[in-house]
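This report refers to the structure that appears directly beneath it.
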Amino acid sequence: MNEYIFVANDYVPANTSSSALMVAHRPQHQYRRSALPPSSVPTPPSSESPESTQSPPAQSPSDEASVRSHESEPAQPTPTQMQSVFSSQTGESYRSQQHTAQVWESHKEEIRKLYLDENRPLKEVMSIMRQRGFRATVRMYKSRFDKWGFSKNNSKREVVTMLQVQRQRNALGKRTTFQRNGREIAIDAYLKRKGISQYDLAEPGIAETLPHHLRCVTPPPETPLIIQTGGALSLQELVLQTARDLAWNPYCPADFPLVTSAAVYRGDALRCAITDITNADWLFHVGHFNRGGVMCEQGFKSLHLMITKPSIYGLLHLLLFHLDAYNKGIVKEVWRYLAAYSATIKADGPLARLFQGISKFINTHEFDEYWNLIFECTERLLLIDEQSSGLPEGTIARLYPLIFIPRAHQYKQGPYRRLQNRCDFSRLTQGTKPRVPEEQAIFDATELLIIGTQSNWQGERVLELAESILETTKKFDYNIDFFIFIALNALAHYYRADFKPGDPANSPRHQLSVQYLEQVCQLSEGKWDPDLGYFMGDLEKLEQWYREAGDTLMADDAHRRWRNSLDTIPVQWERVHVVAPQ
């Protein structure tokens, strides 16, 4: 940092080449001696000799003339200005000095050792330095300490930054402590002294760089890490603790509409991994084991991102997969893999303990008991109170779209519907409103999925939103299959709601419902998109609707088309992650 001196009523860096403008920082003004009594003239105390404290003798007129003559000559400032100071902190009187930056730097390590390494109070440091010939005031020391970063106390800004770093490292399974000048910082003691919790100081965003006098370290474990088989309640608490840590890692800018977070997550490699494993589970369920094995292999290639690059969206998506999955072998293998990977990289944060705890739980309990645990963890996550739990505002609402991702099948539809009914769409309307047509389409599609599912696809709002999405997406020049799927599916269910099994095949409601569902199936028929695997489930649904209306011929045809569509899934397949342009 540049040193400054006074120059022509302004500050300039000390390396200014114009020496003509420079004047001393504390010029030694020449005062005209007056005939005031000696007691009225403040004389700084001195320890040099008794004579030095006596008042000067009275001056003669010739002396005054001499002084006036002397005043006509310019003052010659000395390199080091002396000032007599009484310190209220040390209780002593001494001669202080104005020192250049170079002089201060020459004593920096000496002062650091006394003040920081030996943890001496400032009064004692000043006394020792005076004995060594270096004199300065308390204000000078404190000013220099600010420049050097010599601090023994935690500032609020530093604690906020340390908490951000700690949350980010916790999410990656890393234990964290901080050191100031080589000594461990007790953040908990600071919070207790202030009467606050860490969530009162929580700020979203990536932590800024720690000041140079603060250091983040990973302490060695006090005892070997042994994860005991956790009970249901302890594992639920781990889910909530992990969610709190992950919620502060930003996924998209805070000024984006809440619904766009799920859209951004759609391009995440972790989302692709979980989707591939979901598709594999479905393929195993329908008997396509070779294709299911290839899909499963692809998913496990990137599943480690749940540990190395975790997000709260990935956590919820992982829980939802386990609620949908049929294949118990895949379910167990996912938890075993995540537990083993976190142990291999020596991660021991809440996320690692969660994976290891669930892996042990599923091997020691019945599957339905395990399923109920995952359901309760997911439900508690959706019901968490953001303010009392220290979550950023809007965290839970941002997760809603994930719960309504279309699925080819569901293991237990009843409880899953209960999760969907926990979502309050009005919370998604808070914050920034959609600003461009693409954001508006995402917003409308999300609203349609939520209110349609919760109302059994009834109401004029369902019809209005579906038609609006179909009209809006006509103007888009990129892949819009997802939006069209949601709109057409909504219309199919809207007209199907009043149909009852046994109603004739020529019923207007039946005709309209299968007409829209046929359009949905045509979006994917004859091609395979791993991200739209749920389209296959609609061919099964189409077969079911035809059979409910007694139209066996069309039902058999729908079944044949479904089988043919399965054959379009490649036996050898590898996902290619496309990096969006910056």
Original post:
Once phi is turned into ³J(HN,Hα) by the Karplus curve 6.51 cos²θ - 1.76 cosθ + 1.60 with θ = phi - 60°, what whole-Hz value does each residue of the range 349-365 show in order, with x for glycine and proline?
Top reply: x, x, 5, 5, 5, 5, 4, 5, x, 5, 4, 6, 4, 5, 8, 10, 9
Subject >> Point-to-point label distance, LEU382-SER155, nm (Cα→Cβ direction, 7 Å offset) >> reply: 4.5 nm
Subject >> Gyration tensor verdict on the range 381-436 (Cα atoms; rounded if a/c is under 1.5, prolate if a/b is larger than b/c, oblate otherwise) >> reply: oblate
Subject >> For the range 429-582: span of alpha carbons on each principal axis (Å, largest first) >> reply: 52, 45, 25
**OP:** Rank-order 337-349, 312-324, 423-435 by packing density, defined as the average count of other C-beta atoms within 10 Å over each peptide's residues, highest first.
**Re:** 312-324, 337-349, 423-435
Original post:
On full extension of the chain, what length is gained from GLU471 through LEU240, given 0.36 nm per residue of separation minus the C-alpha to C-alpha distance?
Top reply: 79.1 nm
Subject >> From phi via Karplus (6.51, -1.76, 1.60), per-residue ³J(HN,Hα) for the range 504-521 in Hz, x at Gly/Pro >> reply: x, 5, 8, 5, x, 5, 5, 4, 5, 5, 6, 5, 5, 5, 4, 5, 5, 5
Original post:
Under the Karplus relation 6.51 cos²θ - 1.76 cosθ + 1.60, θ = phi - 60°, what is the ordered set of whole-Hz ³J(HN,Hα) values for the range 106-121, x standing for Gly and Pro?
Top reply: 5, 9, 4, 5, 5, 5, 4, 4, 5, 7, 9, 5, 8, 6, 7, x
**OP:** Please give the peptides 108-116, 130-138, 482-490 ranked by average Cβ packing (other Cβ atoms within 10 Å per residue), highest first, as a rough proxy for protection.
**Re:** 482-490, 108-116, 130-138
Subject >> Solvent exposure ordering (accessible area, 1.4 Å, most first) of PHE443, PHE355 >> reply: PHE443, PHE355
Subject >> the range 388-487: C-alpha gyration tensor shape, a/c 1.5 cut-off, then a/b vs b/c >> reply: oblate
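The values are calculated or read from the model by the stated rules, or taken from the named source; none is laboratory data. Here the structure is a predicted model, which is why all the values come from computation and not from measurement. Note that each Cβ is placed from the backbone with ideal geometry, even for glycine, and that neighbours are counted across all protein chains shown. Heavy atoms of the whole protein, side chains included, go into the accessibility calculation; ligands, DNA and RNA do not. Shrake-Rupley method; radii C 1.70, N 1.55, O 1.52, S 1.80 Å.
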